[in-house]
Amino acid sequence: MMIKMEIFGLAMDEKTNMPLVILKDSEDKYILPIWIGALEAMAISLPLKGMSMPRPMTHDLFLDTLNQLDAKLLHVEISEIKDSTYYAILVMAKGDEELRIDSRPSDAIAMAVRAKIPILVNKTILEQIMKEQDGDYQVVLNDEEGKKWTEILEKYNLDDIKYKM
C-alpha cells in the first residue's frame with residue numbers, strides 16, 4: 001500500500017551537516033526524513049520557491065524530453081529501503097503502457113515538485129521507520145534549523161559556480 005506524502009520542508013541535519021528533505025502525510029501520522037546532497041536540495045528548493053533557472057536544469061530537461069516523446073510522469077514512489085538507502089521509481093505512461101524507472105529519491109522528489117504530481121511512499125517503509133524509533137519518532141523543525149537552511153540557500157550564488165547553466 002502506498003501513502004501520499006507532501007514535502008514538509010528542507011532542513012540541515014546538525015549532526016552530519018547534510019541537508020534532508022522531510023516528507024509527511026496529510027494526517028500527520030507519518031514523517032519521513034531523507035538525507036540528500038546539497039545540489040539535490042537546491043534542485044528541490046528552487047521550484048518550491050517558484051524560482052527557475054535561465055537554462056533548463058537536468059530535471060527540467062528530463063520532463064521536457066518526456067513531453068516531446070508523448071510520455072507523462074504520473075507519480076513517483078519511494079518504494080523500498082535497503083541497507084539504509086531509499087529507492088524510488090518514476091511511474092510514467094506512454095500511450096497505454098506504464099513505465100517504471102529506477103531513480104534516486106532526491107531526483108524523484110525534484111521531478112514531482114516540477115511536474116506537480118504525487119509523491120507516494122510504501123507504507124512498509126513508514127512503519128519500519130516508526131518501529132526503529134520505538135514509536136516515538138518525531139521530526140521537529142525549530143526556527144533555528146529552518147533559518148540555517150534558508151541562510152545556506154540565500155548565500156548560494158549562481159555566479160560562483162564553475163559551469164554556467
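The values are calculated or read from the model by the stated rules, or taken from the named source; none is laboratory data. As the structure is a computational prediction, the values presented were derived from the model and not from experiment. FYI the Cβ positions are ideal-geometry reconstructions off the backbone, even for glycines, and counts take in every protein chain you see.
Inside the range 85-165, counting only helices (runs of 4 or more DSSP H) that do not spill past its ends, which hold 1 or more residues that are of a type in the set (Phe, Trp, Tyr) and modelled with pLDDT under 95? First the steps, then the outcome.
Numbers: elements: 105-115, 123-132, 143-155.
Fully inside the range 85-165 and qualifying: 143-155.
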* Residue in the range 49-77 that is farthest from residue 125 (Cα to Cα), counting only those that are buried (at least 16 other Cβ atoms within 10 Å of the Cβ) and in contact (Cβ under 8 Å) with a residue 60 or more places away in the chain -> 57
* What pairs come up if the first residue lies in the range 99-118 and is among the hydroxyl-bearing types (Ser, Thr, Tyr), the second is surrounded by fewer than 18 Cβ atoms within 10 Å (Cβ to Cβ), and their beta carbons are under 8 Å apart, counting only those six or more places apart or on different chains? -> 106/37
* The lone exception for residue 75 - which of (1) modelled with pLDDT of 95 or more; (2) more than 15 Å from the chain's Cα centre (by Cα); (3) within 17 Å of residue 7 (Cα to Cα) it fails -> (2)
